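Asker: Quick one: the structure is below, and I'll ask about it shortly.
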Amino acid sequence: MSIVDKFLEKRGASNPEATMNVMDHIEALRWHIVRSLVAIIICAIFVFWNIDFIFDKIILGPANADFISYQWLCSFGKLIHVDALCMDSVNMSFQNTELSGQFMMSFSVSFMLGFILAFPYVFWELWRFIRPALKQTELKYAKGIVLWSSLLFFLGVAFAYFLIAPFTINFFANYQLSPQFKNIITIDNYYDTMSGLILGLGVVFELPILVYFLSRIGVLTPAFMRDKRRFAIVIIMVVSAVITPPDWFSIFLVAVPLVILYEASIIVSSKILKEKKKKEEDETLDW
């Protein structure tokens, strides 16, 4: 029996109303998705209504020399005597290569930010679908999961926007093979880089939540995560080296929070394993 089958079986068994078949589960999931999409569209409309300000001040923020992160990082770099944190001035030129490029970009930005703004509600809808598959004791330990998941997601988004994006954009914008070459960036390429970093790290910061659920259903164990720690650290270092300028301080600046997240996930998995063992011991004593 697959993980999905086990989940659907538990969800149907936990539903007090009736025994649900696969089609009932799909229908329930469909309405959760529909409501989530409505929330995203509403937030996207709000963004689209203010798209000029949002694109100039937020999306293009890291491409401007006066972006607040450059000032903070340089001040912090002087404090700890790390010159790498005082980056060169950004000098970027943008171009649009398609007739409808700027118009379609407005929609892309609106839906991306619409998803970010609506994330707490989207996760809440997902949680409403998953919740019937959990027992009352499991629900007790999952209290506040929507809040914690939202905080982790927004923390990842802020980490990417205020820290990783300035390093990445500044490095690649100022990198030249020859003075004869001038970097003229398409708005599509710039947006793809920004959205990839922001959404990617927002999702990565959900690792403890994912580990929580996988540990609950017995797919993941702390022993497995400790055993694969070396491989995880290597992968984290490689990812950090790809998305940051090629200096060790920048790489560690990205890698350290990700390693901390991995270690926090091990603690989460260990706590769940201890709870399961204690429950089994209590049931044995009762018997």
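All of the numbers you see were taken from the coordinates with simple rules; none came from a lab. Note that the coordinates shown come from a computational prediction; the quantities given were computed from them, not determined experimentally. Ideal geometry is used to build each Cβ from the backbone, glycine not excepted, and the neighbour counts take in all protein chains shown.
Asker: Give me Glu98, Glu275, Glu206 ranked fewest to most by other Cβ atoms within 10 Å of their Cβ, as a rough exposure proxy.
Answerer: Numbers: Glu98 12, Glu275 15, Glu206 18.
By the 10 Å Cβ count, ascending: Glu98, Glu275, Glu206.
Asker: With Cβ to Cβ distances under 15 Å as the rule, what net charge do the other residues near Ile59 carry (K, R +1; D, E -1)?
Answerer: So the surrounding residues net to -3.
Asker: Please report the net charge: other residues with Cβ closer than 15 Å to the Cβ of Ile233, K and R +1, D and E -1. Mind showing how you got there, number by number?
Answerer: Values: positive: Arg226, Lys228, Arg229, Arg230; negative: Asp227, Glu263.
Net charge around Ile233: +2.
Asker: Using the number of other C-beta atoms within 10 angstrom as an exposure proxy, rank Phe181, Phe171 with the fewest first. If you can, show how the numbers build up before the last one.
Answerer: Details: Phe181 9, Phe171 17.
Least to most surrounded, the residues fall as Phe181, Phe171.
Asker: Length gain on complete extension for the stretch Ser93 to Ala241, per 0.36 nm per residue less the alpha carbon to alpha carbon distance? Don't jump to the answer; show the numbers that get you there.
Answerer: Values: separation 148, 0.36 × 148 = 53.28 nm, distance 2.54 nm.
In short, 50.7 nm is gained.
Asker: Under 5 Å between amide H atoms, partner at least 5 residues away or on a different chain: which partners does Thr186 have, H built in plane at 1.01 Å?
Answerer: Result for Thr186 returns Gln95.
Asker: Treat the count of other C-beta atoms within 10 Å as a stand-in for reagent exposure and order Ser100, Ser265 from fewest to most.
Answerer: Taking fewest neighbouring Cβ atoms as first place, the list is Ser100, Ser265.
Asker: What do you get for trypsin sites (Lys or Arg not before Pro) in the stretch 110-150 restricted to DSSP loop and a cutoff of at most 15 other Cβ within 10 Å of the site's Cβ?
Answerer: On the way: sites: Arg128, Lys135, Lys140, Lys143; in loops: Lys135, Lys143.
Within the stretch 110-150, the qualifying trypsin sites (Lys or Arg not before Pro) (loop, at most 15 other Cβ atoms within 10 Å) are Lys135, Lys143.
Asker: If you don't mind, there's one more thing I want to ask. Please report the spacing between the Cα centers of the stretch 192-230 and the stretch 34-73 in Å, no decimals.
Answerer: Value for the Cα centre distance between the two parts: 26 Å.
Asker: Going by average Cβ neighbours within 10 Å, how do the peptides 228-241, 38-51 rank, with the highest at the top? Walk me through the numbers on the way to the answer.
Answerer: On the way: 228-241: 14.1, 38-51: 16.3.
The most tightly packed comes first, giving 38-51, 228-241.
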